[in-house]
Amino acid sequence: MSVFQRTDGRWVVKYKDKTGKTVQKTFKERMDAYVFDDELYQDSRDGSRLTVFEAVLLYIKNKRLSKSCIDQYKWLVCGAKESQKKAKQKVGYAECIANKYVDELTRRDLEQVRDCCRAGGGKNVSVNKWIRRLKAVFNYAVSEDLVKTNPWEKHRALEEEHGSWKGTREQLDKIYAASPAWLQWIILTVYALSIRPGKSEMCDLKWSAFDFQRGSVTVHMGKVNADKVVFPPAWYMTQALARFQAGGSDRDGWVCPAANGGHLYHPVSAWRDACRRAGEKMPMYGIRHVSASEMVAAGADVAAVAANLGHASSVTTLTYYVHALPQSQKSASAALAAPQKVQKGAENQLEIK
């Protein structure tokens, strides 16, 4: 067995064929080379100790994951794709432990991965995300009897600061007014569907997901590789139907196209420009938080709001997405009944100590 990288950046797997002759095969990416190598020597590795890299490899081969999720796992243990234009390669956060055995991992290894993530600019939210990805791999290895226990199972996640994700309806209204028409439609879509303003939910959303007769939209959530069914407000579906018909009723068309009508990748610059014109500072993800908070403030059931967001548990909705709004606080106070008047003479029965 021999896997190495050539000077031109390609990866080579050197092995013996059925006749015993030494041959080699080249690959553009490191992960592809190791996948091929793993398939050749899978039988000989049965019962042997498992490295982190091998555990990740088995996980992505045997679990039903989205392409973006698989790419993230590849980067996590292999780093960025080799490029001749960029001499410096971005190191994956778990490359430092990729060749270590899973059953030998310690708290020190966990902290090393965390430090790599912080060095890349990641905050606690991002750090916890990547550690959860590795924990999922280790749990899978345990379920398949490849290792006895998850070495990081007992280690708690870092405290996350979600405040930077928040926003208010007042902020959103100002940013919306300062946005161009094409961005306004994107804002309305994210708000009405309570979707994540990212690639799979916003950028890749097509008209085929809309059921205008039923009044629902089926959104694929790439983060968890699952679908959610949303019943947006009638005002949004009316505007959506008009845009759909104006565009020639193309079911494969993009719901949120870019300014030039093509496929949208992410309107980061346009959103920041709108925030600057409005004199507000709010992340685009805050639209989803405002959507959740507004629904709860209007009296919607928390479980229904959680379903709209695609959360498996309403606890997540209450903890991270629903924020106290002035109108909801007033409604809560209005629900308090006035205490009954004290009967005449009863005050004399009270003993003040």
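Values for this structure:
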{"item": "Any helices (runs of 4 or more DSSP H) falling wholly within region 1-72 and containing at least 3 residues that are of a type outside the set (Phe, Trp, Tyr) and at pLDDT below 75", "result": "30-40, 42-45"}
{"item": "Complete set of residues in region 187-208 that are surrounded by 18 or more Cβ atoms within 10 Å (Cβ to Cβ), under 16 Å from GLY247 (Cα atoms) and under 20 Å from the mean Cα position of the chain (by Cα)", "result": "LEU205"}
{"item": "Residues of region 268-302 satisfying the condition of being among the hydroxyl-bearing types (Ser, Thr, Tyr), buried (at least 21 other Cβ atoms within 10 Å of the Cβ) and within 17 Å of THR189 (Cβ to Cβ)", "result": "SER291"}
{"item": "Filtered residue count, region 6-22, keeping only those that are surrounded by 10 or more Cβ atoms within 10 Å (Cβ to Cβ) and basic (Lys, Arg)", "result": "3"}
{"item": "Residues of region 123-180 that turn out to be in a loop (DSSP other than H, G, I, E, B) and of a type in the set (Gly, Ala, Ser), as a count", "result": "4"}
{"item": "Matching option when the condition is under 24 Å from ASN260 (Cβ atoms) and out of contact with any Lys or Arg (no Cβ under 6 Å at 6 or more places or on another chain), among SER216, SER208, SER200", "result": "SER200"}
{"item": "Set LEU188, LEU183: member being in a helix (DSSP H, G or I), under 22 Å from PRO283 (Cβ atoms), in contact (Cβ under 8 Å) with a residue 60 or more places away in the chain and not assigned by TED's automatic domain parsing to the domain that holds ARG133", "result": "LEU183"}
{"item": "Hits in region 215-238 - residues which are in a helix (DSSP H, G or I) and either of a type outside the set (S, T, N, Q) or surrounded by 15 or more Cβ atoms within 10 Å (Cβ to Cβ) (or both)", "result": "ALA234, TRP235, TYR236, MET237"}
{"item": "Scan of region 243-254 for residues that are surrounded by fewer than 13 Cβ atoms within 10 Å (Cβ to Cβ) and part of a loop (DSSP other than H, G, I, E, B), ordered by number", "result": "GLY248, SER249, ASP250, ARG251, ASP252"}
{"item": "Any helices (runs of 4 or more DSSP H) falling wholly within region 255-316 and containing at least 2 residues that are in the same structural domain as VAL190 (by TED's automatic domain parsing) and farther than 16 Å from LEU172 by Cβ", "result": "268-278, 302-309"}
{"item": "Meets criteria (outside the structural domain of CYS275 (by TED's automatic domain parsing), over 30 Å from GLY247 (Cα atoms) and at pLDDT 90 or above) for LYS85", "result": "no"}
{"item": "Boolean, ARG277 is touching a Phe, Trp or Tyr at 6+ places or on another chain (Cβ under 8 Å), at pLDDT 85 or above and farther than 30 Å from TYR73 by Cβ", "result": "no"}
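The values are calculated or read from the model by the stated rules, or taken from the named source; none is laboratory data. Source: prediction; values computed, not measured. In this analysis, Cβ positions are derived from the backbone assuming ideal geometry, glycine residues included, and neighbour counts consider all displayed protein chains.
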